[in-house]
Every structure is written in structure tokens, then in C-alpha cells.
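First up is the structure itself, then whatever we jot down about it.
A short reminder: the numbers here are calculations on the coordinates, not readings from a lab. Since the model is a prediction, treat every value here as computed from it, not as a measurement. Here Cβ is always computed from backbone atoms with ideal geometry, including for glycine, and neighbour counts include all displayed protein chains.
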Amino acid sequence: MAEMRTALGMPITHQTKTSKNPIIQWILDVWEGFYTVLVGMGVTWRHFFRKPFTVQYPHEKLNIPKQARQRVHVDIDLCGGCLQCDKICPAGIIKIVTAKPVAGEDLGVRPNGKRRALHIAEFTIDHSKCLYCGLCETVCNDDAIYMIPDFQYTTRSLEQLVVNYSRYSPEERDRVVAAAAAEKAAKQASKPAVPQTKVSDPQPNIPSPSVDSDVFNEKCPGPDGEFK
Ligand code: SF4
Ligand code: SF4
């Protein structure tokens, strides 16, 4: 007969005995209860002297792997405003507003030596909806957006998890965006107007290409494969 085992694979060595004599049955029941308490306490005492598997968080913390995906962070000084992270984010939680500098305005150079070509007027991430996929980090050519080892950023409201990394205040953002839009409109207004062709205007008579049948036939091989 196959050995009986518990769900955890432990062999079942103890079997309940029964008796028709009520006195003996009572003694067997008492022994049964005493035996199960002994087995349970044996497990308890074994684990009592073992090293604990858990830590006293938050006073103690486990080492988290370096490549763990945790909180997304933006180094706004490195950002070039290319919008690649915004476009690839599957959750659509990155919002970037850029504006071109007006004529004569120099935005200087970024810490990576590249010229700063755009105002990063707004750069918000809604961390409450982040999927921790890391795609934004992967597509950034300037290493401006990346994961940092911080998983403890609970807040009392979801609004607090919408973080704006831009250095521009709302007023400055509106100012640079309006200035860029005004300059663009002025450039377009200064361009000479391109005359629009109306449908009712007479259209030039363009001859349609015709096929010279003689030339066409001359260049076609006959049934025997020879040119005539
Ligand atoms: S980790 Fe994924 S979901 Fe989170 S901001 Fe980056 S691209 Fe979006
Ligand atoms: S991909 Fe990088 S450089 Fe481009 S907007 Fe995002 S953070 Fe900035």
C-alpha cells in the first residue's frame, strides 16, 4: 500500500485508533488531542530558533537590485524636449510643452554639451498611473529620464503624484509659449501670399501622352521572337 502524504508531501505516520469500549475511546481521544498539540508545538519551536525570513520594515530594508524598476525621474537640465518619451509612454501620463526661443534668445548649453534649442515649459508625469515599463528610459537619447531607487512615494491624494519637473512657473510657461506663437504668426504674415488657383479658372491645355502605334509595333517581337 502506497504511503499516505499530506498536501506538503510530508508522510502521514499517525493514524487515529478507535475502540468500541467508551473508556478506552475516551483515553484514545485525550491522547489524540495531546499528540496533535505536541506536533504543532514541535513546528513552532523549530521555527523559534531559526533565523527570521522577514525584516522589520521600515526600520530594516532588503537590498533591491540595481536594475529594479521603481520611480521615474527626470533630469530636466539634460532634457532636449524631443518628446520621444511622451510618444512612447503606453499609459499616456507624460505631458511635455515646449516652445522655441524667440529671435536673438540664447538658451545656453545643457550639461551634456548639447545646445538647448527649446524651452521645456512644462514636463509633468502622473506617477499614479505609471506602469513601470521603462520604455521612456529606453528611448531617451539624452539619459534625461530614468528610474531611481525609490518605491516609497505614497501621498494622501492622487493629485500630489502629478509632478512637474519643469523649472518654469505657470506664468513663465504661458509667456514663452505665447512669445513663440506670436513670432511664428509674424513670420507667416511676412511671407508673400501664394496665389490660389480657383476651380473656375481656365486650366492650361496639357496634351495627353499618345502612343505611336508604328513605333510600338516596331519594337515588339513577333510570335517567332524576332523584331520586325
Ligand atoms: S515607465 Fe512606462 S508608464 Fe511609466 S512613465 Fe515611463 S513609459 Fe510611461
Ligand atoms: S526622451 Fe529624454 S530628451 Fe526627449 S523629451 Fe523625453 S526626457 Fe526629454
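In the range 67-79, the residue that is farthest from ligand 2 (Cβ to nearest atom) out of those that are part of a loop (DSSP other than H, G, I, E, B) and either in contact (Cβ under 8 Å) with a residue 24 or more places away in the chain or under 21 Å from Val162 (Cβ atoms) (or both) is Ala68.
For the range 105-127, does any single residue satisfy the condition of being in contact (Cβ under 8 Å) with a residue 24 or more places away in the chain, on the phi > 0 side of the Ramachandran plot and either loosely packed, with under 14 Cβ neighbours inside 10 Å or away from ligand 1 (no atom under 15 Å from the Cβ) (or both)? Checked against the condition, which is being in contact (Cβ under 8 Å) with a residue 24 or more places away in the chain, on the phi > 0 side of the Ramachandran plot and either loosely packed, with under 14 Cβ neighbours inside 10 Å or away from ligand 1 (no atom under 15 Å from the Cβ) (or both), the range 105-127 yields no hits at all.
A count restricted to the range 85-116 and to residues that are farther than 18 Å from Ile148 by Cβ, within 12 Å of ligand 2 (Cβ to nearest atom) and either touching a Leu at 6+ places or on another chain (Cβ under 7 Å) or in a strand (DSSP E or B) (or both) stands at 8. Residue count for the range 80-104 satisfying the condition of being touching a residue at least 40 places away in the same chain (Cβ under 8 Å) and within 18 Å of Ala181 (Cα to Cα): 6.
Out of curiosity, is Gln56 among the polar types (S, T, N, Q) and under 30 Å from Ile120 (Cβ atoms)? Judged against the criteria, Gln56 is not a match.
Restricting to the range 19-66, give me the number of residues that are in a helix (DSSP H, G or I), hydroxyl-bearing (Ser, Thr, Tyr) and surrounded by 10 or more Cβ atoms within 10 Å (Cβ to Cβ). Qualifying residue count for the region: 2.
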